[in-house]
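Values quoted throughout were computed directly from the atomic coordinates according to the rules given, and no laboratory measurement underlies them. Quick caveat, the model's predicted, so the values are computed rather than measured. Every residue, glycine among them, receives a Cβ derived from its backbone with ideal geometry; neighbour counts consider all protein chains shown.
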Amino acid sequence: MKKCTWALSSPSEEQYHDLEWGVPVHDDRLLFEFLILEGAQAGLSWSTILNKRDGYRQAFDNFDAETVAGYDDQKINELLANPAIVRNKLKINAAVTNAQAFLKVQREFAHFDSYIWQFVGGRPLCNARKTHADIPTSTPESDAMSKDLKQRGFKFVGSTICYAYMQATGMVNDHTIDCFRYGQI
């Protein structure tokens, strides 16, 4: 079976590609998880984050936004000492800030899902990329998402991070057209 070339870099990336990447996500907890993980990935490889994903789930209380929103200095210091995650103070503080902003969006829209999917009109955008090189790092949709998230107080949500988020959560299908997952999604 043909696969997106990036998926062949490691077993964890291949499994992620085959089972998750590009599958539409509408569960608020999982949308929050990807928001935190994509922000943590900034400046690093996605394989680094995938390899630390279980550590993140444990360290961040399975990405329960209400719990993360209430993290205090003691908990942040524990996270900064935790080798199972990326120990970057700005990224850890951003996770807490983003949890607080996430909860505000949930209150306003009833679900984060209702808010975030509006940037693609509520339906996945199905692209037709021939090669990995054809995939952009940002789009007008990710620009709009980034701008709105920043206005709402979110951190580590630049347009490139937002586009990676859109790919991860299935808001866009960027599997190359020769990949077996392209037609499935």
Estimated vicinal HN-Hα couplings, Hz - the range 86-98 in sequence order (Karplus 6.51, -1.76, 1.60; Gly, Pro = x): 6, 8, 10, 4, 4, 5, 5, 4, 5, 4, 5, 4, 5
Table column - 3J(HN,Hα) (Hz), the range 8-24, Karplus curve with 6.51, -1.76, 1.60, x for Gly and Pro: 8, 6, 7, x, 5, 5, 5, 5, 4, 4, 5, 10, 10, 4, x, 7, x
Of Ile161, Ile49, Ala110, farthest towards positive along the dipole that unit charges on Lys, Arg, Asp, Glu beta carbons give the chain: Ile161
Mean separation of Cα contacts under 8 Å (6+ apart) over length of the chain, as relative contact order %: 32
Exposure proxy order (Cβ contacts within 10 Å, fewest to most) of Cys126, Cys162: Cys126, Cys162
Where Cα atoms sit under 18 Å apart: lysine pairs in the chain separated by 8 or more or lying on different chains: 13
Structure-based [θ]222 nm, the chain - -39500 (n - 2.57) summed over DSSP H runs of at least 4, per residue, nearest 500: -16500 deg cm²/dmol
Fewest-first sequence of Thr5, Thr97 by Cβ atoms within 10 Å of each Cβ: Thr5, Thr97
3J(HN,Hα) from dihedral phi, the range 158-164, Karplus parametrisation 6.51/-1.76/1.60, rounded to Hz, x for glycine, proline: x, 4, 5, 5, 4, 5, 4
Centroid-to-centroid separation of the range 129-173 and the range 73-100 [C-alpha atoms, Å]: 23
Which labelled figure in (1) 121; (2) 105; (3) 141 is volume of the Cα convex hull per residue in Å³, once derived from the coordinates: (2)
Other-chain or far-sequence residues with amide H under 5 Å of Leu125's (modelled H): Val172, Asn173
